[in-house]
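K.L.:
Have a look at this one before I ask anything.
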Amino acid sequence: MQSAISQNERQYAKEDSSSYWLYRVYDINKEAKLEKYHGNLEQYFNFEPTDYLALKKDN
């Protein structure tokens with residue numbers, strides 16, 4: 001399973017784990033499925049950075 005979340009979402013889930021919930025809904029064209037994850041996401045997932053923010057250099 002692969003899902004994308006932002007670094008801010010990951011950090012918030014770690015800092016305020018008692019109030020953080022992630023809901024994953026999939027297979028909506030068939031028989032929809034729902035998965036729920038509560039708290040610090042690092043207990044459920046491994047993370048790999050996949051994006052870069054490109055900022056134009058001042059010349």
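K.L.:
For the stretch 1-16, how many residues are modelled with pLDDT of 95 or more and in a loop (DSSP other than H, G, I, E, B)?
P.N.:
Qualifying residue count, the stretch 1-16: 1.
K.L.:
If you check every pair at least six apart or on different chains, which have Cβ atoms under 9 Å apart with a residue in the stretch 39-53 that is at positive phi and free of Cβ contacts under 8 Å to residues at least 40 places away in the same chain first and a residue that is outside any loop (DSSP other than H, G, I, E, B) and aliphatic (A, V, I, L, M) second?
P.N.:
Listed by first residue and then by second, the contacts come to Gly39/Ala13.
K.L.:
To continue, here is another question. Taking the stretch 24-45, which residues are assigned to a loop (DSSP other than H, G, I, E, B) and over 14 Å from Glu9 (Cα atoms)? Working first, answer last.
P.N.:
The first filter runs over the stretch 24-45 and keeps only residues assigned to a loop (DSSP other than H, G, I, E, B), leaving 27-32, 39-40, 44-45.
Asp27, Ile28, Asn29, Lys30, Glu31, Ala32, Tyr44 - these are the residues of the stretch 24-45 that are assigned to a loop (DSSP other than H, G, I, E, B) and over 14 Å from Glu9 (Cα atoms).
K.L.:
Now for a separate question. Give the residues of the stretch 22-53 that are out of contact with any strand residue (DSSP E or B) (no Cβ under 7 Å at 6 or more places or on another chain), loosely packed, with under 10 Cβ neighbours inside 10 Å and under 16 Å from Ser6 (Cα atoms), sorted by residue number.
P.N.:
Correct list: Asn46, Glu48, Pro49, Thr50, Asp51, Tyr52, Leu53.
The values are calculated or read from the model by the stated rules, or taken from the named source; none is laboratory data. Computed from a prediction, not measured in an experiment: that's the story for all the values here. When we count neighbours, we look across all protein chains shown, and the Cβ atoms used for this are built from the backbone with ideal geometry, even at glycine.
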